[in-house]
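Written out below as structure tokens is the structure these notes cover.
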Amino acid sequence: MAPPAPQGRRLRIGIGGMSIESSTFCPHRTTYDDFRVTRGDELLNRYTWTAADGDLAGLVEWVPLVHAVALPGGPVERDTYDRVKDELVDRLRRAELDGPLDGLVYDIHGAMSVVGMEDAEGDLTDAVREAIGPGALISAAMDLHGNVSRRFAERLDLLTAHRLAPHEDAWETRERAARKLVQRLASGRGRPHLAWVQVPVLLPGEKTSTRLEPAKSLYGRLAAVEAMDGVVDAAVWVGYAWADEPRCRAAVVVTADDPVLAVEQARSLAREYWEVRRDFVFVGPTGSADECIAAAVASAARPFLISDSGDNPTAGGAGDLAYVLGRLLAHEELASGRVTALHPGITDPAAVAECFTAGLGATVRLSVGGAVSEGTGEHGAPYDLTGEVVALRRDDEVGGDLAAVRSGGVTVILVSRRKPFHTRADFGELDPLGYDLVVVKIGYLEPELYEMAADWRLALTPGGVDQDLPRLGHHRVERPLYPLDDAEFDTPDLTPRLLGR
């Protein structure tokens, strides 16, 4: 039920933000064309709670600003960041000309890296706060794989994050941020206390799935903390493991009207996180690419899914590595066609164009992969592929043009734009259930893939989102930091700080 409206007028609440997670270890660079930018009614239509016939309609005038969201990738080019930031700030200032904004629903991710910057969300939030003024309340909805620096958190009034990984509650998180902001403004209670503490642990998402312990219980506590009298929200961030910045680490924020309770609960959550840090395990059985392929070929389970986790474009990988393709065709059972495999979606616009020129049924000789990663090491090298073009599709909404090439028992889907394959529909006419093996550039399996898999393995492959963090080589994160440091690592100071403006 919506809270009562303030006497005399509706609340004016803006909506905007910039959302991407960016691997600083990925050679890809994110440009303006990689973002989906929405404004006006298109922006309002992203959400259900902004509906003209919704329960908040009589209470709130929603003011759409600008929102930009992109598939995870490499760092954002500075001119792209500045373009979105400048538009957001300009629209905030213009909105104020029609009357002061009471608040802002700040729809972001939290792991954006920008070329030449080390705390992009901190910089963006500084600019947003300056534009909207000190009196308005800002409520941020974030991914639990975001980073929460003190600079960033101090500029906010409310902030919350997903409580599930995979993120089946992403839209629920945004709605929670919006409704808590409305409740706060309608009640006239002003800014609550924020108890903030970082935890010197940095783990990949594939080790922190809430399907498994200890994350399941840790995140399972949050609703009970939130339900305490005097608490507004409780959130835990695991941080983003594939950026090399000082802010990258786990964090806890408890938002409450009672500052003592906020500190107490934030400390408890932070201590639990620290105490269970060694209990986090991969969300599924792991192995090298060759070990996972051998296990899949030998298994009777069909389809058998393998995650090419190091080049996962939905975590920030380039999506152009042909490393696993080479390992598939190095296996005799697959090369001969006695076992079949489907492997989407290597990004290579030049190879896709060659397939379209050749046409369906043609035999092509391609140099596949390395469109942006060539020269970044042995794993970025292209793979020489000879095969038959078995499928072509123009202008896929996300992946651009698609071409499928079969060599032996392996069918590889090439895409002209980076594209995730998370559902059966993403594969188009090539039904993954018709293959023995399906190798997907992903980490933990998204729900539809998880249901599809008769069995699966998480391949610890190289790339910009390598699960082996020491192999990547972080140099700018604050040390000590688990698991980069462990032996003789003293118990850290986990005293929360009360943030204020």
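Scan region 460-481 and tell me whether some residue there is assigned to a strand (DSSP E or B) and open to solvent by 20 Å² or more (accessible area, probe 1.4 Å).
no
Condition (residue is of a type in the set (A, V, I, L, M), under 29 Å from Ala120 (Cβ atoms) and assigned to a loop (DSSP other than H, G, I, E, B)) applied to region 267-280: is it met by at least one residue? So that I can check it myself, show each step before the final result.
We begin by selecting, within region 267-280, every residue of a type in the set (A, V, I, L, M); these are 269-270, 276.
Going one step further and asking which of them are under 29 Å from Ala120 (Cβ atoms), we end up with 269-270.
Pick out the ones that are also assigned to a loop (DSSP other than H, G, I, E, B) and you get none.
No; the residues of region 267-280 include none that is of a type in the set (A, V, I, L, M), under 29 Å from Ala120 (Cβ atoms) and assigned to a loop (DSSP other than H, G, I, E, B).
Out of (1) modelled with pLDDT of 95 or more; (2) open to solvent by 70 Å² or more (accessible area, probe 1.4 Å); (3) of a type in the set (Val, Ile, Thr), what's the single condition that is false for Thr376?
(1)
With the requirement that a residue be open to solvent by 20 Å² or more (accessible area, probe 1.4 Å), under 30 Å from Arg479 (Cα atoms) and at pLDDT below 95, what does region 165-196 give you?
Within region 165-196, just His167 meets the criteria.
Could you list, in sequence order, all residues of region 47-62 that are in contact (Cβ under 8 Å) with a residue 24 or more places away in the chain and under 20 Å from Ala141 (Cβ atoms)? Spell out how you get there, then give the answer.
Taking region 47-62 as the starting set, the residues that turn out to be in contact (Cβ under 8 Å) with a residue 24 or more places away in the chain are 47-50, 55-56, 58-62.
Hits for region 47-62 are Tyr47, Thr48, Trp49, Thr50, Asp55, Leu56, Leu59, Val60, Glu61, Trp62.
Starting from region 246-261, take each residue that is under 13 Å from Asp233 (Cβ atoms) and list its partners that are in a helix (DSSP H, G or I), counting only C-beta distances under 6 angstrom and pairs at least six apart or across chains.
If the second residue must be in a helix (DSSP H, G or I), the pairs left are Val252/Ala266; Val252/Leu269; Val252/Ala270; Val254/Ala262; Val254/Gln265; Val254/Ala266; Ala256/Ala262.
Restricting to region 368-385, name every residue that is touching a helix residue (DSSP H, G or I) at 6+ places or on another chain (Cβ under 7 Å), free of Cβ contacts under 8 Å to residues at least 60 places away in the same chain and part of a strand (DSSP E or B).
Val368
When both residues are 6+ apart or on different chains and their Cβ atoms are under 8 Å apart, which pairs have a first residue that lies in region 33-46 and is farther than 24 Å from Lys419 by Cβ, and a second that is surrounded by 15 or more Cβ atoms within 10 Å (Cβ to Cβ) and of a type in the set (Phe, Trp, Tyr)?
Partner pairs satisfying both residue conditions: Leu44/Trp62.
Looking at region 197-213 only, could you name the residues that are more than 19 Å from the chain's Cα centre (by Cα) and surrounded by 19 or more Cβ atoms within 10 Å (Cβ to Cβ)?
Val197, Gln198, Val199, Pro200, listed by residue number.
If Leu56 meets every condition in (1) among the aliphatic types (A, V, I, L, M); (2) assigned to a loop (DSSP other than H, G, I, E, B); (3) open to solvent by less than 20 Å² (accessible area, probe 1.4 Å); (4) out of contact with any helix residue (DSSP H, G or I) (no Cβ under 7 Å at 6 or more places or on another chain) apart from one, which number is that one?
(4)
Residue by residue through region 219-244, note down the ones that are surrounded by fewer than 21 Cβ atoms within 10 Å (Cβ to Cβ) and under 20 Å from the mean Cα position of the chain (by Cα).
Asp244
Quick test of your reading of the structure: Glu388 fulfils all but one of (1) free of Cβ contacts under 8 Å to residues at least 60 places away in the same chain; (2) within 27 Å of the chain's Cα centre (by Cα). Name the failing condition by number.
Only one criterion is unmet by Glu388, namely (2).
Quick test of your reading of the structure: His28 fulfils all but one of (1) more than 29 Å from His145 (Cα to Cα); (2) in a loop (DSSP other than H, G, I, E, B); (3) open to solvent by less than 40 Å² (accessible area, probe 1.4 Å); (4) modelled with pLDDT of 95 or more. Name the failing condition by number.
Here His28 clears every test but (1).
Please tell me if Leu65 is surrounded by 21 or more Cβ atoms within 10 Å (Cβ to Cβ) and in contact (Cβ under 8 Å) with a residue 60 or more places away in the chain. Please lay out each step first, then the result.
Details: surrounded by 21 or more Cβ atoms within 10 Å (Cβ to Cβ): yes; in contact (Cβ under 8 Å) with a residue 60 or more places away in the chain: no.
When the stated conditions are applied, Leu65 does not pass them.
Keeping to region 91-104, report how many residues are touching a helix residue (DSSP H, G or I) at 6+ places or on another chain (Cβ under 8 Å) and surrounded by fewer than 23 Cβ atoms within 10 Å (Cβ to Cβ). So that I can check it myself, show each step before the final result.
Restricting attention to region 91-104, the residues satisfying the condition of being touching a helix residue (DSSP H, G or I) at 6+ places or on another chain (Cβ under 8 Å) are 92-93, 96, 101-104.
Now restrict to residues that are surrounded by fewer than 23 Cβ atoms within 10 Å (Cβ to Cβ): 93, 96.
Here the count works out to 2.
With region 123-242 as the region, which strands (runs of 3 or more DSSP E) entirely inside it contain at least 3 residues that are within 26 Å of Asp258 (Cα to Cα), of a type in the set (A, V, I, L, M, F, W, C) and in contact with a Leu (Cβ under 7 Å, 6 or more places away or on another chain)? Explain how you work it out, then say what you get.
Values: elements: 137-142, 158-161, 193-199, 231-237.
So the answer is 137-142, 193-199, 231-237.
Could you grab me the full set of residues in region 267-292 that are open to solvent by less than 10 Å² (accessible area, probe 1.4 Å), under 22 Å from Leu222 (Cα atoms) and touching a Lys or Arg at 6+ places or on another chain (Cβ under 9 Å)?
Hit for region 267-292 is Leu269, nothing else.
Determine if region 350-359 includes at least one residue that is among the acidic types (Asp, Glu) and surrounded by 23 or more Cβ atoms within 10 Å (Cβ to Cβ). Step through it out loud before you land on a result.
Initial filter on region 350-359 (among the acidic types (Asp, Glu)): 354.
Remaining after also requiring surrounded by 23 or more Cβ atoms within 10 Å (Cβ to Cβ): none.
Checked region 350-359: no residue is among the acidic types (Asp, Glu) and surrounded by 23 or more Cβ atoms within 10 Å (Cβ to Cβ).
The values are calculated or read from the model by the stated rules, or taken from the named source; none is laboratory data. None of the values given here were measured: they were computed from a predicted structure. Cβ: placed from backbone, ideal geometry, glycine included. Neighbour counts: every protein chain shown. In case anyone asks, the SASA skips ligands and DNA or RNA and just uses the protein heavy atoms, side chains included. Shrake-Rupley method; radii C 1.70, N 1.55, O 1.52, S 1.80 Å.
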